[in-house]
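Colleague: Sharing a structure here in structure tokens format.
The values are calculated or read from the model by the stated rules, or taken from the named source; none is laboratory data. Everything numeric here is computed off the predicted structure, so don't read it as measured data. Virtual Cβ from ideal backbone geometry, glycine too; neighbours counted across all protein chains shown. Protein only, heavy atoms only, side chains kept; ligands, DNA and RNA dropped before computing areas. Shrake-Rupley method; radii C 1.70, N 1.55, O 1.52, S 1.80 Å.
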Amino acid sequence: MHIKNLTLKNFRNYADENFTFTDGLNVLYGRNAQGKTNCAEAVFYLCTGVSPRARRDRQLIRQGQTRAEISAVACGRYGDVNISAAIFENGREIRVNGNKITKNADLLGNIFSVFFSPSELRLIQDGPDERRRFLNISISQLSRPYYTALLRYNKILEQRNNLLKDRDTGLIYDTLPVWDEQLAKYAAIVVRHRTDFVTRLAPIAKEEHLRLTGGAEELEVRQQKKYAGSDDEIRDVIFDELKKNYDRDVRLGFTSCGPHRDDLDFIINGQDAKNYASQGQTRTAALSVKLAEMEIFRQLSGEYPVLILDDVMSELDLPRRKKLVERAQGMQTILTCTHAERVLCGRQSNKIRIEGGAIKR
């Protein structure tokens, strides 16, 4: 899978630009704050419908403009796919092969993508929200049933939390079982997909980490809470957990158990990475997880995703740069950096210089 070309209009600092990519290594280079990351962000947005940096779509519109447009043509094993997005102040319109889609689920799975930047250290250093976000974005690209179940779970969870804030405790206790039956149903789907994903991820991340560190460090990825069995069995366990926590939830005013509280642990050489790992160790661990994510996409879809490496090389020493460039062979990679020659390690690439939100030809 690879992206052939990308067009940006009034997106971030781009007025109107068209990029042509090869199916190998593509290097966007230039001074800082010229628009390299903005281009990488646009690619990821067309793949997933979300930005890896912005929480609101209107942040993507060029200053002084009222709309932004992104479009790309990608080639996969089933042929070409054309995806476009028009982003407005208060909404957006996405089309796949010219057909307007109304659900983000219909966008997911057309182009697979894995994004890594120095900010991905949040995956390990920050709170569990970041780790759940990683799982949600990755698994949603691979599974529409997961994405749909996650949306429904979150909607029911919001309604349950609103109920728990009601002053009529009798109403709360009478109504909770009704909400919990549906909540547990969708929770089971979310939990099983996450468990399957982490089960695949952990050994691959361990292998990738050993490769990047030359065998000096061992990485373990663990789920803090595991559920076993079929969807029905997991549903029953979660339903019982919700029931046992009625008094606590009423006292707190929110739902205290369920997949919205899930978390992952990252262990490097037997120690919790969040508390004991150095910046370098954390960065390598996060990169190993992303490379493992990439390998899972290949295993399940039959082709590699588009690998986006945003300003990663400046944070790695030379041996790890070489290992990463070597690892990225055989797939389309979009890499941003300030000096192309310093990061390529002799590998041929499609070099694109960016200056002031435009390609410098």
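Colleague: Please determine whether any residue of region 282-291 is surrounded by 14 or more Cβ atoms within 10 Å (Cβ to Cβ), under 21 Å from the mean Cα position of the chain (by Cα), among the polar types (S, T, N, Q) and more than 23 Å from Leu142 (Cβ to Cβ). Don't jump to the end; show me each part of the working.
Modeller: Quick first cut of region 282-291, residues surrounded by 14 or more Cβ atoms within 10 Å (Cβ to Cβ) only: 282-291.
Imposing the further condition that a residue be under 21 Å from the mean Cα position of the chain (by Cα) reduces the set to 282-291.
Checking the rest, the ones that are also among the polar types (S, T, N, Q) come to 282, 284, 288.
Narrowing the set further to residues that are more than 23 Å from Leu142 (Cβ to Cβ) leaves 282, 284.
Yes, there is a match, as at least one residue in region 282-291 is surrounded by 14 or more Cβ atoms within 10 Å (Cβ to Cβ), under 21 Å from the mean Cα position of the chain (by Cα), among the polar types (S, T, N, Q) and more than 23 Å from Leu142 (Cβ to Cβ).
Colleague: Please pick out the residue among Ala187, Ala205, Ala228 that is of a type in the set (A, V, I, L, M, F, W, C) and without any contact (Cβ under 8 Å) to a residue 40 or more places away in the chain. If you could, list the steps in order and put the result at the bottom.
Modeller: Working: Ala187 fails: without any contact (Cβ under 8 Å) to a residue 40 or more places away in the chain; Ala205 fails: without any contact (Cβ under 8 Å) to a residue 40 or more places away in the chain.
Going through Ala187, Ala205, Ala228 in turn, just one is of a type in the set (A, V, I, L, M, F, W, C) and without any contact (Cβ under 8 Å) to a residue 40 or more places away in the chain: Ala228.
Colleague: Here is a follow-up. Scan region 238-254 for residues that are closer than 13 Å to Tyr186 by Cα and among the β-branched types (Val, Ile, Thr) and jot them down. Walk me through it before giving the result.
Modeller: Of all residues in region 238-254, those closer than 13 Å to Tyr186 by Cα come to 238-239.
Residue satisfying the conditions is Ile238 alone.
Colleague: Here is a further query. Looking at (1) loosely packed, with under 13 Cβ neighbours inside 10 Å; (2) part of a helix (DSSP H, G or I), which is the one condition that is false for Arg55?
Modeller: (2)
Colleague: Return the total of residues in region 302-323 being assigned to a helix (DSSP H, G or I), touching a helix residue (DSSP H, G or I) at 6+ places or on another chain (Cβ under 7 Å) and either of a type in the set (A, V, I, L, M) or under 18 Å from Phe44 (Cβ atoms) (or both).
Modeller: Quick first cut of region 302-323, residues assigned to a helix (DSSP H, G or I) only: 313-315, 318-323.
Now drop any that are not touching a helix residue (DSSP H, G or I) at 6+ places or on another chain (Cβ under 7 Å), which leaves 313, 315, 320-321, 323.
Retained after the next criterion (residues that are either of a type in the set (A, V, I, L, M) or under 18 Å from Phe44 (Cβ atoms) (or both)): 313.
Here the count works out to 1.
Colleague: Which of the residues spanning region 120-166 are more than 14 Å from the chain's Cα centre (by Cα) and acidic (Asp, Glu)?
Modeller: Asp126, Glu158, Asp166
Colleague: Follow-up. Among the listed residues Thr195, Thr199, Thr213, identify the single one that is under 27 Å from the mean Cα position of the chain (by Cα), farther than 24 Å from Leu150 by Cβ and of a type in the set (S, T, N, Q).
Modeller: Only one candidate passes the filter, namely Thr213.
Colleague: Could we say that Asp16 is over 22 Å from the mean Cα position of the chain (by Cα) and at pLDDT below 95 here? Break it down stepwise before answering.
Modeller: Working: over 22 Å from the mean Cα position of the chain (by Cα): yes; at pLDDT below 95: no.
No, not satisfied.
Conditions tested, residue by residue: (1) surrounded by fewer than 20 Cβ atoms within 10 Å (Cβ to Cβ); (2) in contact with a helix residue (DSSP H, G or I) (Cβ under 8 Å, 6 or more places away or on another chain); (3) of a type outside the set (Phe, Trp, Tyr).
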| site | (1), (2), (3) |
| --- | --- |
| Asn5 | yes, no, yes |
| Arg12 | no, yes, yes |
| Gly24 | yes, no, yes |
| Leu28 | no, yes, yes |
| Asn38 | no, no, yes |
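Colleague: Right, another one. Is there any pair with a first residue in region 305-321 that is on the phi > 0 side of the Ramachandran plot and open to solvent by 10 Å² or more (accessible area, probe 1.4 Å) and a second that is at pLDDT below 85 and charged (D, E, K, R) whose Cβ atoms are under 9 Å apart and which are 6 or more apart or on different chains, and what are they?
Modeller: none
Colleague: Wholly within region 85-134, which strands (runs of 3 or more DSSP E) include no fewer than the required count, namely at least 1 residues that are surrounded by fewer than 17 Cβ atoms within 10 Å (Cβ to Cβ) and free of Cβ contacts under 8 Å to residues at least 60 places away in the same chain?
Modeller: Those strands (runs of 3 or more DSSP E) span 91-96, 99-101.
Colleague: Related question: Does Tyr276 count as in contact (Cβ under 8 Å) with a residue 40 or more places away in the chain and of a type in the set (Phe, Trp, Tyr)?
Modeller: Numbers: in contact (Cβ under 8 Å) with a residue 40 or more places away in the chain: no; of a type in the set (Phe, Trp, Tyr): yes.
For Tyr276, the condition - in contact (Cβ under 8 Å) with a residue 40 or more places away in the chain and of a type in the set (Phe, Trp, Tyr) - is not met.
Colleague: Determine the pairs where a residue that is more than 19 Å from Asn110 (Cβ to Cβ), located within region 140-156, has a partner that is buried (at least 21 other Cβ atoms within 10 Å of the Cβ) with Cβ atoms under 6 Å apart, the partner being 6 or more residues away or on another chain.
Modeller: Ala149/Tyr186; Ala149/Ile189; Ala149/Val190; Arg152/Tyr186; Tyr153/Tyr186; Tyr153/Ala187; Tyr153/Val190; Ile156/Leu183
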